[in-house]
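Everything below concerns the one structure shown next.
Each reported figure results from applying straightforward, stated rules to the coordinates on display, with no laboratory input. Just so it is clear, the model here is predicted, and its values are computed rather than measured. For neighbour counting, all protein chains shown are included, and Cβ atoms are generated from backbone atoms with ideal geometry for every residue, glycine included.
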Amino acid sequence: MPKTKFAKNKLSPQKSKLGFGYMIEMAQEDRYKIKIRNVLILSELKKLDELLFKKNMDVILFKGASLILKGYLGLDEREMSDADLIVKEKDFLAVEEGIKLLGFKKITKGRHSYYKIVGEKFAPVILDIHTYFSNFKFEDFNCEETKEYRKIKLLADSDTLIILAVHPIIKHGFFSEKDKKDFISVYSKAKINNQGIDLEILNRARQYGVSLIVSLALKKCGIDFKKTKIGFKERLSYPFIKMCFYKHFELNEYILPFFYEFNKIKEKLSS
């Protein structure tokens with residue numbers, strides 16, 4: 001049989017084996033780094049929780065870090081770039097003071113973002129503090145306790161899934177494959193724990209005025225879901241929302257907040 005360029009480039013069994021072993025070793029090293037990074041963030045949250053307990057203030061942890069604490073993502077499964085907290089408006093300054101006491105410094109370009117250097121080998125730990133998310137404030141969310149913390153609360157499953165659907169659309173103008181993977185993973189596990197989760201999501205999405213985004217996210221993830229009534233304001237945003245599930249259109253990052261953060265804009269104008 002004559003030699004071809006394909007045969008020439010074929011690795012020997014020994015080299016292939018070494019290459020595969022190297023890939024496994026690298027993957028294990030990456031997961032170890034992810035685990036260390038996530039542990040550092042969670043340990044800083046533990047310190048913050050102790051300060052919050054002394055001040056008797058509650059905050060809500062949502063997005064990536066909360067998924068680990070809820071057991072929906074493994075500690076070494078996905079690296080957290082930061083931790084997001086929602087606080088009551090009246091508690092904001094006190095929480096900010098507590099964060100600074102822990103050694104965090106404000107990021108100049110960030111709205112309410114704070115960083116802390118934890119070692120030369122690791123990226124800084126970053127905390128993002130919010131007094132609202134879209135039109136939702138602390139008091140709007142359904143929360144639950146966590147074993148790890150006393151004053152840091154987690155979102156209920158229905159609210160967690162709504163945030164996973166809404167956040168990438170409103171804040172980034174795009175629902176990526178990573179967002180899709182996270183949503184499917186959390187939904188599947190939440191469904192096992194609570195067979196009535198669909199109805200809860202439906203009702204909560206209607207209350208928040210984000211039924212369109214949530215229904216399109218479910219459709220994108222291949223999840224059968226009962227159709228829900230879409231409000232007039234949301235119907236106006238349909239072309240832009242639909243686009244976010246297929247491609248990244250940068251202007252959506254500026255257009256969509258107009259539809260979904262109107263109350264916040266109105267509040268600022270009147271203050």
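Here are the numbers for the structure shown:
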| quantity | calculated |
| --- | --- |
| Degrees, to the nearest 10: 157-172 long Cα axis against longest axis of the chain | 80 |
| Ellipsoid equivalent to the chain - semi-axes via the Cα gyration tensor, in Å | 35, 28, 19 |
| Subset of 70/171; 33/242; 47/247; 100/233 violating a 30 Å alpha-carbon distance limit | 33/242; 47/247; 100/233 |
| GNM result for the chain, Cα springs below 10 Å: residue of 187, 254, 72 fluctuating most strongly | 254 |
| Neighbourhood net charge (12 Å Cβ-Cβ; Lys/Arg +1, Asp/Glu -1) for residue 185 | +4 |
| Projected area averaged over orientations for the range 195-246, convex hull of C-alpha atoms, nm² | 3.6 |
| For the range 100-157 and the range 175-231, distance of Cα centres in Å | 24 |
| Signed unit charges on C-beta, dipole axis of the range 156-271, positive-most listed residue 205, 168, 225 | 225 |
| ³J(HN,Hα) computed for each position of the range 78-88 - Karplus, 6.51 cos²θ - 1.76 cosθ + 1.60, integer Hz, glycine/proline x | 9, 6, 8, 7, 6, 10, 9, 10, 10, 10, 6 |
| Nearest-20 debye value, the chain charge dipole, Cβ charges on Lys, Arg, Asp, Glu | 1000 |
| Computed over the range 66-199, Cα set: Rg, Dmax in Å | 15.8, 48 |
| C-alpha long axis of helix 13-55 to longest principal axis of the chain, angle in ° | 20 |
| The chain - mean residue ellipticity at 222 nm from DSSP helices (-39,500 (n - 2.57) per run, n ≥ 4, rounded to 500) | -17000 deg cm²/dmol |
| Fluctuation leader among 246, 114, 208 - the chain, Gaussian network, Cα springs under 10 angstrom | 246 |
| Size of the range 127-217 as Cα extents on the principal axes (Å, biggest first) | 35, 31, 26 |
| Magnitude of the charge dipole, the range 87-176, Cβ model with Lys/Arg +1 and Asp/Glu -1, debye to 20 | 460 |
| Total formal charge among the other residues, if their Cβ is under 10 angstrom from that of residue 63, Lys/Arg +1 and Asp/Glu -1 | -4 |
